[in-house]
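Only one structure is covered here, and it is reproduced in the block below.
The values are calculated or read from the model by the stated rules, or taken from the named source; none is laboratory data. Keep in mind it's a predicted model, so treat the numbers as computed, not measured. Virtual Cβ from ideal backbone geometry, glycine too; neighbours counted across all protein chains shown. Keep in mind that these areas ignore ligands, DNA and RNA; they rest on the heavy atoms of the full protein, side chains included. Shrake-Rupley method; radii C 1.70, N 1.55, O 1.52, S 1.80 Å.
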Amino acid sequence: MRFLLVCALLAAAGAGVVFWREPPGPADEIAYGPGPARPSSPVARFSLTKEDATLDRERPSVAASPDGTVLVACNSRAGTDANAILVCVSRDRGATFSAPRPIRSVPVHRHMTRMGGQDRLMESQPLPRLAWAAGKFHLAWCEPAEAGGGKLLACSTTDGESFSEPVALHGPEVRKVHYTALCAGGDGRLLAAWLDNRGQGQQPFASTGGVSALVDAGTGGKGICPCCDLDTLITSSGDEVVAYRHSVDGNRDIHLAWRPRGEETFRKGGPVSGRHWKFQACPHDGPSIAEAGGQVVAAWMDAAEQKRRAFTATGTMSTLPWHAEPLPLLRGGEQSQPRLAATGETVAAVWLESFVENKARGTLVAASFRHPGAKGWTEPMVVSTDPTGVPTRPSVCLEPLGGLVVAWFEQQPEGRSLVVARVKPPAGGCCRGD
């Protein structure tokens with residue numbers, strides 16, 4: 001199936017404010033219980049609200065600690081004017097999960113913007129992100145402000161039950177915060193990145209110490225691709241890496257920038273590979289990065305050959321661009337939304353694959369592993385199990401003993417669900433990778 005994407009949304013959600021410890025109002029009145037039973041069920045499936053069906057640009061977030069605790073966070077529309085940030089907890093390395101619990105209520109901010117010659121009503125989204133480091137889980141999200149500004153806030157928890165008071169991950173210099181990313185280093189340092197329209201266009205900024213730094217002003221200072229998620233990484237040597245989809249000479253390629261530890265400014269590394277995708281719209285499909293064996297691994301989608309395919313590339317920042325390697329296909333379809341996780345030298349990838357079978361269109365969540373010494377990726381495995389569901393935007397983490405934990409949203413005829421599954425490497429291989 002050929003790739004046809006005419007969406008060019010320039011979403012610019014705001015962010016900002018008001019914290020409380022226990023969620024009052026509609027958030028705590030919603031019972032996020034198990035969804036309908038399935039012939040073949042994943043680890044967990046939780047029904048969401050009917051209003052969630054319209055939130056098609058969000059992804060859940062997942063993180064694991066070495067002691068086997070796994071957290072999944074997502075947003076759910078808890079009412080006409082409120083979002084609820086939900087957290088599910090596993091104490092057994094992702095084998096079972098508690099029901100989603102609302103831990104934060106975030107107001108919905110609406111504003112009009114003009115795109116493609118038409119006025120559009122835009123709504124703010126919290127975009128919760130999880131990371132684990134130095135004995136704590138860290139949760140970040142966007143909050144809107146009526147004045148048009150906003151904040152990217154973060155709090156921490158050791159067990160997924162009690163959370164610290166949130167703090168802003170930047171100073172008052174931000175204008176709007178959207179398409180966010182969060183990671184944590186071994187020393188507990190947080191690296192957050194987001195798109196901000198304080199310049200001539202959407203530009204990526206990043207922060208580790210409370211003050212944001214410009215990552216890339218874009219060609220002529222006019223910004224980058226305005227509607228794709230970013231991703232971040234703090235390497236084992238302490239360098240900070242930001243991945244983003246750029247817009248250069250009509251190409252919507254994935255670029256990397258990095259800030260060596262101790263430096264104040266980011267260095268632009270350039271495109272991740274020699275593949276160039278000319279496309280005059282926004283694909284809403286950002287990059288993913290991880291570290292394995294002391295090297296950075298990047299994953300992305302492009303349709304340079306008129307068909308959406310997911311690729312990975314590996315190397316060091318000084319050797320960009322790297323060689324692009326396609327992820328394996330399940331059914332010869334089109335791939336999108338690839339996400340990476342790594343531990344030691346083992347890398348795992350998940351993605352969506354869409355195909356036509358018996359004249360019906362289907363979409364699956366797929367996964368593959370790349371082990372130390374192996375020449376390529378393992379044969380892809382099907383992760384999603386509901387033949388009537390349409391999965392969207394998977395996220396992933398590698399739990400060193402339990403395997404791959406994958407979370408995604410899924411639309412079924414009866415409504416939308418949050419789904420979590422656990423995937424073991426082929427032949428029962430260990431994920432530890434060291």
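Quick notes on this one:
- Rounded FRET efficiency, nearest 0.05, which uses the C-beta distance separating Val211 from Arg110 and R0 of 35 Å: 0.75
- Accessible carbon and sulfur surface of the range 123-258 relative to its total accessible area, %, 1.4 Å: 50 percent
- Per-residue SASA remark: Val383, around 10 Å² accessible (1.4 Å probe; ligands, DNA and RNA not included).
- Farthest toward the positive end of the dipole of the chain, out of Leu182, Ala78, Thr314, is the Cα of Thr314, where the dipole comes from beta carbon charges about the Cα centre.
- Sorted peptide list for 319-329, 408-418, 251-261, 338-348, criterion being average Cβ within 10 angstrom, highest first: 338-348, 251-261, 408-418, 319-329
- Its alpha carbons considered, the range 146-248 gives a radius of gyration followed by a Dmax of 14.2, 47 Å.
- Between the beta carbons of Val356 and Arg189, assuming R0 = 41 Å, the FRET efficiency works out to 0.35 to the nearest 0.05.
- Net charge, Thr363 excluded, C-beta distance under 10 Å - Lys, Arg +1, Asp, Glu -1: -2
- Between the range 94-112 and the range 212-246, the Cα center-to-center distance that results, in Å: 26 Å
- Measuring between alpha carbons in the structure, the pairs from Lys222/Lys268; Lys151/Lys222; Lys176/Lys268; Lys222/Lys278; Lys176/Lys222; Lys268/Lys375 lying more than 25 angstrom apart are Lys268/Lys375.
- Cβ-defined net charge surrounding Arg393, 15 Å radius [Lys, Arg +1; Asp, Glu -1]: -2
- Taking all protein chains together and a 1.4 Å probe, the residues Glu305, Glu291 rank Glu305, Glu291 from largest to smallest accessible area.
- Between Glu165 and Glu51, residue separation times 0.36 nm minus the direct Cα-Cα distance comes to 38.2 nm.
- As a ratio to 2.2 N^0.38 Å, the alpha-carbon radius of gyration for the range 218-324 is 1.02.
- Within the listed set Asp56, Asp216, Asp196, the Gaussian network model of the chain (springs between alpha-carbon atoms below 10 Å) gives the highest mean-square fluctuation for Asp56.
- For Leu230, residues with placed amide H under 5 Å, excluding near neighbours: Thr180
- Model label points for Lys268 and Ala374, set 7 angstrom from Cα along the Cα-to-Cβ axis, are 3.6 nm apart.
- Under 13 Å, Cβ to Cβ, from His178 - net charge with Lys/Arg +1 and Asp/Glu -1: +1
- Listed peptides 309-318, 270-279, 389-398 by packing density, highest first (mean Cβ within 10 Å): 389-398, 309-318, 270-279
- Once you reduce the range 395-413 and the range 268-318 to the center of their Cα atoms, the two points are 22 Å from each other.
- Normalised per residue, the volume of the convex hull around the Cα set of the chain (Å³): 139 Å³
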